[in-house]
Every structure is written in C-alpha cells, then in structure tokens.
1. Here is a check on your reading of the model: is ARG172 modelled with pLDDT of 95 or more, of a type in the set (Lys, Arg) and open to solvent by 40 Å² or more (accessible area, probe 1.4 Å)?
2. I'd like the residue in the range 180-216 that is in a helix (DSSP H, G or I) and within 17 Å of GLY133 (Cβ to Cβ) and, out of all such residues, is most open to solvent (accessible area, probe 1.4 Å).
3. Can you pull out every residue in the range 11-39 that is closer than 27 Å to GLU50 by Cα and open to solvent by 40 Å² or more (accessible area, probe 1.4 Å)?
4. Any idea which residue in the range 100-134 is most open to solvent (accessible area, probe 1.4 Å), counting only those that are within 16 Å of ALA81 (Cβ to Cβ) and either acidic (Asp, Glu) or over 12 Å from the mean Cα position of the chain (by Cα) (or both)?
5. Quick one: count up the residues across the range 148-167 that are touching a residue at least 24 places away in the same chain (Cβ under 8 Å) and exposed (fewer than 14 other Cβ atoms within 10 Å of the Cβ).
6. As an exercise: evaluate GLY30 against (1) at pLDDT 95 or above; (2) out of contact with any Gly (no Cβ under 7 Å at 6 or more places or on another chain) and give the number of the one condition it does not meet.
7. Would you pick out the residues in the range 49-66 that are more than 12 Å from THR153 (Cβ to Cβ) and open to solvent by 30 Å² or more (accessible area, probe 1.4 Å)?
8. Pairs, please: C-beta under 8 Å, at least 6 apart or cross-chain, first residue without any contact (Cβ under 8 Å) to a residue 12 or more places away in the chain and in the range 97-125, second part of a loop (DSSP other than H, G, I, E, B)?
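The values are calculated or read from the model by the stated rules, or taken from the named source; none is laboratory data. No experiment lies behind these values; they were computed from the predicted model shown. Counting neighbours? That spans all protein chains shown, and the Cβs are built from the backbone with ideal geometry, glycine included. For the accessible areas, the whole protein counts, side chains as well, though only heavy atoms, and no ligand, DNA or RNA atoms are used. Shrake-Rupley method; radii C 1.70, N 1.55, O 1.52, S 1.80 Å.
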Amino acid sequence: MCGRYTLTSSDQRRLGSRFQINLDDQLANGMERYNVAPTQEVLTVQNDPEAEGGHEAALARWGLVPFWAKDLKVGYKMINARSEGLLKSRAYGPLVKKSSNRCLILADGFYEWMKAENPKSPKQPVRFTVDGGEPFAFAGLSTTREWEGEQMTSCTIITTTANETVEPVHNRMPVILGDPEIEKAWMSGNLEVDEAIGLCKPLEAARMEAKPANPALNKVGGTKEGPDFLEAPEPSDSD
C-alpha cells in the first residue's frame, strides 16, 4: 500500500530536466510537499501527443474516480491498484491497456507505519527513499472525466509485493519505475499490456533506504507540513 508520500524538491528546473517536462508556477503547487495525502492534487506526467516530446506535466487528484462513479468518495478506495489484479478490475483493466491512461506520479519518498512499542504512543512513520533521496516515478494510472461541468483528472498508484527493505514494515509497496528508460517504456504505446504489467515489480532493495520520520505527519493537516516531518524527534528525558 502507499497512503502518503513526499516530493520535497522546489527546484522546477532540476525536476523538469529529470522528467523532460515543463513546470510552471501553477504546477509547482505539487512540489515541496512533505505529506502528500489522498484526494489532494499531485504532480504527474501524462501522455499527450500534442505536447512537445509527447507528454506533459499535469496535476491530478489522487484517488481514481471512474467514469461511472457518482460520488468523489469513491476515490478514497482507489488510491492504490494491485498490479496482480489490474486486468481483472473493471476500473483499472481498460486503463492499463492504453498508454494514454498510463502515467508517472512524481515523488522522492513514501511513508509506511510501524506500531509503537508503547501502545499509548502514536504509530511510527517510516520514510523510504531511493538512491539517497533522488526523485523517482511511481507507475500510475489516470483518467479524465467531467465533474460538475469541468474536466477532472484523477489517478492511482500501482502497488506490488514488498522488497526486503520495505517488508519489515509493510507487505506491499508502490511500483517505483527504476530509471528513465523504464519510465519511457511504461508510457510507450508500443508495449503490449502484459509487457506493461511486467514492469510493475519491486524495486531493488539495495537502492532503497528506510528512516524513521516524525509522527506529527500522522494526522493530515494537524501540523503544517515541512522538512521537520522527515526527521524523527529526539527522545525526551522522560521517554
């Protein structure tokens, strides 16, 4: 599962160069985030044959809202899509078959939670990063539909079985596409659907690091998010 993540960079030029996209100030609203949560707008890369390079940056609502859904609350249940069941899903099957619905969701870390030793203490968040904190892309699916007279794009993060780094905390992890060539392949219209799903596998554990984070992030909106979320607070003398 992936229920929270980070995209801490504020460097539009660097991130744009990494993913070959143009980032304006409006899209930068999806950057410098330390506690991205479901239903919020997230920074994605979408296929667009009319855009330079064939793709463009876009904000999307995290939590897929299929065309038949009559309530946005459906999105809460569709923040993740299990890679093993994509083709069996009425919502995800049609999307993964089309490159136009496969997207990149940009991040530089994600959180999972461990139970605290003291049952009265809050759960301990753990942040997972890749290659020392470099930005990366989750494999995502997206769809655009009309909602209340406007076009709305929503998305989901594909998950897979956990690797050896994540497994001590959770048995699932988001699909992290390992390098720009794999990202390009995921977005390509030349891939058969089985080949695309074959890319949805655990990232090599050796490339990942796990580090305790600040329990202040457990409650969305409880504390203004910032860099302090990335560090576990020092234990007090009374602990």
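1. When the stated conditions are applied, ARG172 does not pass them.
2. In this case the residue turns out to be ALA206.
3. ASP11, GLN12, ARG13, ARG14, SER17, ARG18, GLN20, ASN22, ASP24, ASP25, GLN26, ASN29
4. Taking the candidates together, the pick is ASN101.
5. 1
6. Failing condition for GLY30: (1).
7. PRO49, GLU50, GLU52, GLY53, HIS55
8. Pairs that qualify, where the first residue is without any contact (Cβ under 8 Å) to a residue 12 or more places away in the chain and the partner is part of a loop (DSSP other than H, G, I, E, B), are LYS115/LYS123; ALA116/PRO122; ALA116/LYS123.
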